[in-house]
Amino acid sequence: MLMLLLLIREVMVLQLLPITACSSIDRFPVDFTALLFSDKMAALEAYPGSVDGERITSKNQWPHVTLWTGAGVAPKEANMLPELISEGTATRIDISPPITISGTLEFF
């Protein structure tokens, strides 16, 4: 679980719009709503929550956390999982209710 939290921190730092006047956010929530996977990769669909009533918006068209990729598969290929599902070559398992985790988000 610790590795997953570290991955989430990296994804959110790179893909979230900046929040004004903050160098870090304590208790930053992220909802996981689905597990998507193929024989080459897996990812959790992730939606950032709100901080002080302000909804955080991801710059990524499909917000997610890549869990693993097979040999020779670049992590960015996980962006294709929603398309692979529509083609029938990947699987989606919805998580209902969503799993919410919280952690500290730091801006560098």
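The values are calculated or read from the model by the stated rules, or taken from the named source; none is laboratory data. Here the structure is a predicted model, which is why all the values come from computation and not from measurement. Positions of Cβ are backbone-derived with ideal geometry, glycine not excepted, and every protein chain shown enters the neighbour counts. Quick note on the areas: whole protein, heavy atoms, side chains included, nothing else; ligands and nucleic acids left out. Shrake-Rupley method; radii C 1.70, N 1.55, O 1.52, S 1.80 Å.
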| said: So if each residue of separation counts as 0.36 nm, and I subtract the Cα-Cα distance between Thr91 and Ser50, what length gain in nm does that give? | reply: 11.9 nm
| note | So, over other residues within a Cβ distance under 13 Å of Ser38, counting Lys, Arg +1 and Asp, Glu -1, the net charge is -2
| task | Would you mind counting up the charge near Glu54? Only other residues with Cβ under 15 Å from its Cβ, with Lys and Arg at +1 and Asp and Glu at -1. | result | 0
| said: Under a crude label model (7 Å from the Cα following the beta-carbon direction), how far is Leu35 from Phe107 in nanometres? | reply: 3.5 nm
| Between Asn60 and Ile99, how many nm apart are label points set 7 Å from Cα along the C-beta direction? | 1.6 nm
| Tell me, what % of the accessible area of region 29-104 is carbon and sulfur with a 1.4 angstrom probe? | 53 percent
| request: Assuming a ≥ b ≥ c are the square roots of the Cα gyration tensor eigenvalues, decide whether region 59-108 counts as rounded (a/c under 1.5), prolate (otherwise, with a/b larger than b/c) or oblate. | output: oblate
